[in-house]
Amino acid sequence: MRLNRFLKSVLSLTSILTPRATATLFTSILMFLPLLPTTAVAAQDKPTATTNPNTNPNAATPPASTLINVPDQPNSKPSEENAPKKSEPLTEKSAKDTAEKPAVPALASANAATSAAHIALILPLNSKAFGNVAEAIKQGFIAAATVDGKDATPYRIYPRDDEAASIGAQYRKAVQEGAIAVIGGVTRDGANLMVKEAGYLPTLALNAPTEIDLPDRFFYISLSLDAEARNVAREAALSGFRSAAVLSTNNALAKRIQDSFEKEWIRLGGAIVDRVSFTGDLAESGKLQKALDKAKEKSLADVIFIAADVKAARMARPFIPVGMHVFATSHTLDARAGTVENLDLDSVRFLEMPWFVEKDHPAVMAYAKPSISLSIDSERLYALGIDAWRLMQMILKANQPKNIAPLDGVTGKLTLDGAQFVRTLTAVEMRDGMPQLFKPTDSVTGKPSE
């Protein structure tokens, strides 16, 4: 009633005041209006209101930015089982479950579920092209986290359809939801996009970016066959060889491996004395035999490098002159294959990750094998997932990159060089159809030295 009388008095004054004075009056009223009793204003301005009998009418309303749509949970009791456990994956589903079953008042619980500190793993799990690749990495990552048990850092998996198109948005989403580190970038395009987002959080890409100017706290690891071919060239050079003949198929991947080997070989002072191209078709075995015989007659090669897949290499190896030293990448050999399958590749030297050829390696013994059958290429990615988890633990613990020690990983010995974790692989030779750790041959006995 008092407010009504006050307003009527104000209106009567406006009839005798100038427009400017009237404006000044209303400005003054607006300044003092918040000082009027809240209940009086509510009663006058809101003639009808539906209230919750359990709600305090004088309680402050949270800012709009903090309001989250959380289902009503009357009589909810705090419970530890609703909170994410360190030893369990903090997936998007678990975050949703936590929000639906708050362990504390609904608003606080929902905020905790969406902003809990975690490692974000961004993978194209729903992509038709890269789904299998992403799944293998994810399984290895989870296997490594499981070994850490209750001490494992919480993690959350961010699945996407197309990594290149959405990885930036997912990276920003992870940051908003409390991520303390991000892992992703399975493809080269994905790694480049992560470069653009990184700089604040420790970030590990699972492929080599083409970007040169990398931000602070950005790291990457790669299973690149290009890098492996360069390592094979170094291994052959360290063994004393100087003149190489290259045997390769015509597909794009083989040519890329060949090119990487040749560039590094020449950089190291070696010479490419011959190149023989073949299709891998058994029907052309006679043609291949003539080409290799001719190469032997005209060249002074002391080593042959094969750039071909397993099937093609098995077909070609028997035609290589007896006694010739042969090198290849892991693309050319299947370390898991049986003795009979690998007999054709006897004496071929190659580099391989410990996961396949060092059964007594401490890290290899510590982690479970895939629960389902995987191709050898997919199992390599499974091993990459294991080392991705382990590397990020080291990155988070180190206050500076220079303090990150080498990791004896399942994909190789990993040493940080700039932003790249460089892999040093295990030297292997195929003997009697089985991959064996390479041991130099004794010049007297002709047998591997002990």
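The values are calculated or read from the model by the stated rules, or taken from the named source; none is laboratory data. These figures come from a predicted structure and were not determined experimentally. In this analysis, Cβ positions are derived from the backbone assuming ideal geometry, glycine residues included, and neighbour counts consider all displayed protein chains. SASA here: full protein model, heavy atoms, side chains in, ligands and nucleic acids out. Shrake-Rupley method; radii C 1.70, N 1.55, O 1.52, S 1.80 Å.
Could you identify the single residue in Y171, Y155 that is in contact with a helix residue (DSSP H, G or I) (Cβ under 9 Å, 6 or more places away or on another chain) and either closer than 22 Å to A366 by Cβ or surrounded by fewer than 23 Cβ atoms within 10 Å (Cβ to Cβ) (or both)? First the steps, then the outcome.
Values: Y171 fails: either closer than 22 Å to A366 by Cβ or surrounded by fewer than 23 Cβ atoms within 10 Å (Cβ to Cβ) (or both).
Within the list Y171, Y155, the selection yields Y155.
In region 275-321, how many are closer than 23 Å to L351 by Cα, part of a helix (DSSP H, G or I) and not aliphatic (A, V, I, L, M)?
So the answer is 5.
Considering only region 132-156, state which residues are farther than 15 Å from L206 by Cα, outside any loop (DSSP other than H, G, I, E, B) and not polar (S, T, N, Q).
The answer is I142, A143, A144, A145, V147, D148, G149, K150, D151, Y155, R156.
Taking region 275-298 only, how many residues are crowded, with 17+ Cβ neighbours inside 10 Å and at pLDDT below 85?
Qualifying residue count, region 275-298: 5.
Quick one: which residue in I167, I119 is modelled with pLDDT of 95 or more, within 30 Å of Q400 (Cα to Cα), β-branched (V, I, T) and not in a loop (DSSP other than H, G, I, E, B)? Write out each step before concluding.
Working: I167 fails: modelled with pLDDT of 95 or more.
After applying the criteria, what remains is I119.
Touching a Leu at 6+ places or on another chain (Cβ under 9 Å), more than 27 Å from N132 (Cα to Cα) and not aliphatic (A, V, I, L, M): is that true of G433 in this structure?
On the way: touching a Leu at 6+ places or on another chain (Cβ under 9 Å): yes; more than 27 Å from N132 (Cα to Cα): yes; not aliphatic (A, V, I, L, M): yes.
So G433 fits the description; yes.
Would it be correct to say that L333 is touching a residue at least 24 places away in the same chain (Cβ under 8 Å) and in contact with a Leu (Cβ under 7 Å, 6 or more places away or on another chain)? Break it down into steps so the answer makes sense when it comes.
Working: touching a residue at least 24 places away in the same chain (Cβ under 8 Å): yes; in contact with a Leu (Cβ under 7 Å, 6 or more places away or on another chain): yes.
When the stated conditions are applied, L333 passes them.
Could you list, ordered by first residue, the pairs with Cβ atoms under 8 Å in which the first is in region 275-304 and more than 13 Å from A316 (Cβ to Cβ) and the second is among the aromatic types (F, W, Y) and open to solvent by 80 Å² or more (accessible area, probe 1.4 Å), at least 6 apart or interchain?
Filtered contacts from region 275-304: no entries.
Considering only residues that are within 24 Å of M394 (Cβ to Cβ) and open to solvent by 20 Å² or more (accessible area, probe 1.4 Å), which ones fall in region 194-207? Working first, answer last.
Within region 194-207, the first condition is being within 24 Å of M394 (Cβ to Cβ), and the residues that meet it are 194-195, 197-207.
Across region 194-207, the qualifying residues are E197, G199, Y200, N207.
Out of A191, A244, I need the residue that is under 27 Å from G323 (Cα atoms) and either in contact with a helix residue (DSSP H, G or I) (Cβ under 6 Å, 6 or more places away or on another chain) or crowded, with 22+ Cβ neighbours inside 10 Å (or both). Which one?
Values: A191 fails: under 27 Å from G323 (Cα atoms).
Only one candidate passes the filter, namely A244.
Going through region 144-176 one residue at a time, which ones are touching a strand residue (DSSP E or B) at 6+ places or on another chain (Cβ under 8 Å) and of a type in the set (S, T, N, Q)?
T153, Q170
Any idea which of (1) open to solvent by 30 Å² or more (accessible area, probe 1.4 Å); (2) hydroxyl-bearing (S, T, Y); (3) part of a helix (DSSP H, G or I) is the one S260 doesn't satisfy?
It is condition (1) that S260 fails.
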